[in-house]
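Q: One structure, as structure tokens, below. Some questions next.
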Amino acid sequence: MVPVLPTPTVRPRRLRTSPAVRALACETRLTPSDFLLPLFAVPGENVRREVSSMPGVHQTSVDELVRDAEEAVALGLGGVLLFGIPPDKDAGGSGAYAADGIMQAATRAVKAAFPDLLVITDVCLCEYTDHGHCGVLDARGVVLNDETLPLIAETAVSHAEAGADVVAPSGMMDGGVAAIRAALDGAGHVQVPVLSYAVKYASACYGPFRDAAEGAPAFGDRRAHQMDPANAAEALRETDLDVKEGADLLMVKPALAYLDVIRRVKDRYPELPLVAYNVSGEYAMVKAAAARGWLDERAIALEILLGIRRAGADRIITYHARDAARWLRERGV
């Protein structure tokens, strides 16, 4: 005989009965302003080259990049993150801090056209060195931390002078935030914030980005300065150091495999804005699966972005930014 069970009084399903009721109970929301769009500047005019491993992502000349910035404004995105690919590279990455460099030109052009658009600039040497590493090297090919600091500091100052709203050092050099903060303050850019790549893992998900930024190492890898994916407590140590050095905003990169780290960092520093980078490999995997009909791109991309926000990210750098903004607008967001 089947037992008669008591009728439930508490029914969570009541709050799932329709789109309107589900919206009423929604805990985490996405808006276009949550997204920051990465853009890749290259020399020339009328250049728009699709990155083969990142469908929908392009290397663009500055004039074309300004058009992408215009679209970012029209879609209500939270800002853009600029990367530069110089015409020439050398061992010291001099193109990174050249006053007339590609990043500086792109920054000036975007800010001239859209002064209210948030422009964040990547501060690193890897796209500018002929060896593809994030700093200057010794005779054995080891990145020299302390010798690299003045170069990234000079790079940050050149970006600020070009009009960058925020500078973002991504090379994981010890003492990098402090060096940049001192250089910015010394050059009169006291109000320019530093977005620290406080937690950046040596991830297998960066391959497509290296195609886009043309910054793959010519030899070796970056595990000597990027974090071991096995470590989470170390992420808090890295974050603590950058906060003490003067970081104004924090980043965790990548995002999808490190949602636990995003939550730990946000819990540690709830008062500081936290950015998560939904990186190129994460984007490329979704694109590849969607192209084969294995996943609904819109549904899975928005679910991933929602998960990153739910984990604690205040803003998300994502190559899906434009599409996600359009999809949200179609929903009436």
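We did not get these values from a lab; they are worked out from the coordinates using the rules stated. In this text, all values refer to a predicted model and were calculated from it rather than measured experimentally. Cβ placement follows ideal geometry from the backbone for every residue including glycine, while neighbour counts extend to all protein chains displayed.
Q: Helix 233-245 versus the longest principal axis of the chain: what angle, 0 to 90°, nearest 10, using Cα atoms?
A: The two axes meet at around 50 degrees.
Q: I would also like to ask the following. Given an 8 Å cut-off on Cα distances and at least 6 residues of separation, report the relative contact order of the chain as a percent.
A: Averaging sequence separation for qualifying contacts and normalising by length gives 17 percent for the chain.
Q: Let me ask something additional. Please state the charge dipole magnitude for the chain, taken about the Cα centre, from unit charges on C-beta atoms (+1 on K and R, -1 on D and E), reported in debye and rounded to the nearest 20.
A: 2000 debye
Q: Just want the answer: with Cβ charges of +1 for Lys and Arg and -1 for Asp and Glu, which residue in Cys126, Val192, Val265 is farthest toward the dipole's positive end in the stretch 30-330?
A: Of the candidates, Val265 comes out farthest on the positive side.
Q: Further, regarding this structure: So in the stretch 30-330, what percent of DSSP beta bridges are antiparallel if you round to the nearest 5?
A: The antiparallel fraction comes to roughly 10 percent.
Q: Moving on. Report, in debye and to the nearest 20, how large the dipole of the stretch 258-333 comes out about its Cα centre when Lys and Arg carry +1 and Asp and Glu carry -1 on their Cβ. Walk me through the intermediate numbers first.
A: Numbers: 14 positive and 10 negative charges, 21 e Å.
So the magnitude is around 100 debye.
Q: Sorted by mean Cβ packing within 10 Å, highest first, what order do the peptides 174-180, 138-144 take?
A: Going from most to least packed, we get 174-180, 138-144.
Q: Another question, then. As a check on your grasp of the helix formula, calculate [θ] at 222 nm for the chain: sum -39500 (n - 2.57) over DSSP H runs of n ≥ 4, divide by the residue count, round to the nearest 500.
A: -12000 deg cm²/dmol, from helical runs alone.
Q: Report the far tail of the P(r) of the stretch 30-330, meaning the percent of Cα-Cα pairs longer than 28 Å.
A: Summing the P(r) tail past 28 Å for the stretch 30-330 gives 32 percent.
Q: If you don't mind, there's one more thing I want to ask. How far apart, in nm, are two points set 7 Å out from the Cα along the Cα-to-Cβ line at Glu303 and at Asp185?
A: 4.7 nm
Q: What do you get for trypsin sites (Lys or Arg not before Pro) in the stretch 219-274 restricted to DSSP loop and a cutoff of at most 16 other Cβ within 10 Å of the site's Cβ?
A: Sites meeting the loop and neighbour criteria: Arg223.
Q: Taking Cα atoms, how many degrees apart are the long axis of helix 176-186 and the longest axis of the chain, rounded to 10 and kept between 0 and 90?
A: 60 degrees
Q: If you don't mind, another one. Can you find, among Gly101, Leu302, Ser52, the residue farthest towards the positive end of the dipole of the chain? Put +1 on the C-beta of Lys and Arg, -1 on that of Asp and Glu.
A: So the residue we want is Leu302.
Q: From the phi angles alone, apply the Karplus equation (6.51, -1.76, 1.60; θ = phi - 60°) to the stretch 318-331 and give each ³J(HN,Hα) in whole Hz, x where the residue is Gly or Pro.
A: Calculated HN-Hα couplings, in order: 8, 6, 8, 3, 5, 4, 4, 4, 5, 4, 5, 5, 5, 7 Hz.
Q: Okay, moving on. Please name whichever of Ala212, Val252, Pro32 sits farthest to the positive end of the charge dipole of the chain, dipole taken about the Cα centre and charges placed at Cβ: Lys and Arg +1, Asp and Glu -1.
A: Pro32
Q: If you don't mind, another one. Under a Cβ-only charge scheme (Lys and Arg +1, Asp and Glu -1), can you give me the dipole magnitude of the stretch 21-157 about the Cα centre, in debye to the nearest 20?
A: Working: 9 positive and 20 negative charges, 87 e Å.
In total the dipole reaches around 420 debye.
Q: Taking Cα atoms, how many degrees apart are the long axis of helix 297-311 and the longest axis of the chain, rounded to 10 and kept between 0 and 90?
A: Around 80 degrees separate the two axes.
Q: Let me ask something else about it. Just subtract the alpha-carbon distance of Glu147 and Ala288 from 0.36 nm times their residue separation and send over the number in nm, one decimal.
A: That works out to 46.7 nm of additional length.
Q: Can you give me the distance in nm between label points at Ala25 and Phe114, each placed 7 Å from the Cα along the Cα-to-Cβ direction?
A: Roughly 3.8 nm, to one decimal.
Q: Oh, and also: Please go through the stretch 200-238 and write out the chymotrypsin sites (Phe, Trp or Tyr not before Pro) that DSSP classes as loop and that have at most 15 other C-beta atoms within 10 Å.
A: Numbers: sites: Tyr201, Tyr206, Phe209, Phe219; in loops: Phe219.
Here the sparse-neighbourhood loop sites are Phe219.
Q: With r defined as the distance between the Cβ atoms of Arg16 and Arg210 and R0 fixed at 56 Å, what FRET efficiency is calculated, to the nearest 0.05?
A: 0.85
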